[in-house]
Amino acid sequence: MDNYSKSKLKDKKESNKGCKQSIRVNQELSEEEIKLLIKGLEDENGLVRRNHSEALAQVGTAALPMLIDALLTSKNVVQRRAAAKTLKLVGDPAALPHLIHALTNDSDSVVQFSSAGAIAIFGEAAVSHLIIVLDNPEHTEVQYGLAAWCLEFIGAKAANAIKRAAKSKNTNVKSAAISALEQHIRQSQDQEAIKLVESAINDTSENVQIEAIKLVGKLYRIESLIPNLISKLKNKNPNIRKASVLSLMQLNINEAISPLKDLLKIEQDKNVIKIIQLAIKKLTTLRIKK
């Protein structure tokens, strides 16, 4: 262990100084050596933790069991956070179920966020796990949000899986999947995906409608969807009207000026009124410039 410490881990004095020099792993490590690296993930010094994390990433799959154990059972929250981040660096999909467990069960929000960051790198392999999270009514809004963010991050890397999810009967799954289609539609103009968004604009779930309306506003102008946005200005839900106004403004839809003026005459929601006024001003100014 003395030789190991000299060549790979630094002595205690160096650790206290910040351990700025990286640990290099050039050979297969023993179980005890891996344990020592895992122990370093609970160090109070961030640079020390990062060096140990990078060294464990070099170790790779051999470090997986101990990293997973640290993530799920350590009483030290700093070590659990670092373990999640290290599993991202290792990049072995075998960690996925355990990262999902940490995302949905750990009491620390940073562990949850770090686990989500790790889950997202696994692309299509992570989609089915994320759908299970979104499909479970017992999870928190934060956990739903993190799972939805993961899907959006994965995006075009798992387009077919996300399109299937966009047909789900579960509104949480469907909303997240619709939002996650942005990158794929932007890159491919996939007509099947566009049809899914068009259908979602008129979904029975208001949350799904809102996600679809927001998505349309983020994309290039899709002519077939503009009439749907304008029709939503008459919706009874102020959040749907608000999302529709914002998307029409983002897309610079001149045809919306007249319907927006009509809506302004009858709108009672103060927040929606402000957004309508802003949209009319912007669209009118753009039309004058043209």
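The values are calculated or read from the model by the stated rules, or taken from the named source; none is laboratory data. Every value quoted in this text rests on a predicted model; they were computed, and no experiment measured them. Backbone-built Cβ (ideal geometry, glycine too); neighbour counts: all protein chains shown. For accessibility, only protein heavy atoms count, side chains too; no ligands or nucleic acids. Shrake-Rupley method; radii C 1.70, N 1.55, O 1.52, S 1.80 Å.
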Which whole-Hz couplings ³J(HN,Hα) result when phi for each residue of the stretch 228-240 is put into the Karplus expression 6.51 cos²θ - 1.76 cosθ + 1.60, θ = phi - 60°, listed in order with x for Gly and Pro?
5, 4, 5, 5, 6, 5, 9, 5, 6, 7, x, 5, 6
Compute the distance in nm between two label points, each set 7 Å from the Cα along the Cα-to-Cβ direction, one at Asp269 and one at Lys218.
2.0 nm
Tell me the net charge near Asn239. Cut-off is 12 Å between Cβ atoms, Asn239 excluded, with +1 for each Lys or Arg and -1 for each Asp or Glu.
+2
Gain in span if fully extended, Asn207 to Asn237, counting 0.36 nm per residue against the direct Cα distance
9.7 nm
Please list 85-92, 240-247 highest first by mean number of surrounding beta-carbon atoms within 10 Å per residue.
240-247, 85-92
In debye to the nearest 20, the charge dipole size for the chain, taken about the Cα centre with +1 at each Lys and Arg Cβ and -1 at each Asp and Glu Cβ, equals 1520 debye
For the stretch 125-212, what % of the accessible area comes from carbon and sulfur atoms, probe 1.4 Å?
48 percent
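Ranked highest first by average number of other Cβ atoms within 10 Å, how do 144-152, 65-73 line up? Before the final figure, lay out each step's value.
Numbers: 144-152: 21.7, 65-73: 18.7.
Highest-to-lowest ranking by the protection proxy: 144-152, 65-73.
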Positive-end residue, the chain charge dipole about Cα centroid, Cβ charges, pick of Gln277, Leu219, Asn202:
Gln277
Mind listing the long-range amide H neighbours of Gly91? Cut-off is under 5 Å, sequence gap 5 or more, other chains count too, H placed in the peptide plane at 1.01 Å from N.
none
Shape of the chain from its Cα gyration tensor (a ≥ b ≥ c, root eigenvalues): rounded if a/c is under 1.5, otherwise prolate when a/b > b/c, or oblate?
prolate
Let me have the 222 nm mean residue ellipticity of the chain computed from DSSP H runs of 4+ only, each contributing -39500 (n - 2.57), with the sum over all residues rounded to the nearest 500.
-20500 deg cm²/dmol
Simple Cβ-charge dipole of the stretch 27-135, Lys/Arg +1 and Asp/Glu -1, about Cα centre, in debye nearest 20:
260 debye
How far apart, in nm, are the 7 Å Cα→Cβ label points at Thr73 and Ser30?
2.2 nm
Gap in Å between the Cα centre of the stretch 136-194 and the Cα centre of the stretch 30-101?
29 Å
With every protein chain kept in place and a 1.4 Å probe, the chain has an accessible area per residue in Å² of 52 Å²
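Just order 167-176, 258-267 by mean Cβ neighbour count inside 10 Å, highest at the front, would you?
Numbers: 167-176: 19.1, 258-267: 14.7.
So the peptides 167-176, 258-267, ranked by packing, come out 167-176, 258-267.
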When each of Lys169/Lys232; Lys35/Lys88; Lys85/Lys214; Lys234/Lys270; Lys169/Lys214 is checked by Cα-Cα distance, pairs over 27 Å
Lys85/Lys214
Dipole-positive endmost among Pro65, Thr104, Gly117 within the chain (Cβ charges, Cα centre)
Gly117
In nanometres, what is the gap between the two model label sites at Asp262 and Ser199, each 7 Å from Cα along Cα-to-Cβ?
2.9 nm
Within the stretch 220-247, backbone nitrogen closer than 13 Å to the virtual label 7 Å beyond the Cα of Gln189 toward Cβ:
220-224
In the chain, with Lys and Arg counted as +1 and Asp and Glu as -1 at Cβ, which of these residues, Val142, Gln268, Gln79, has the Cα nearest the positive end of the dipole, that is, farthest along it?
Gln268
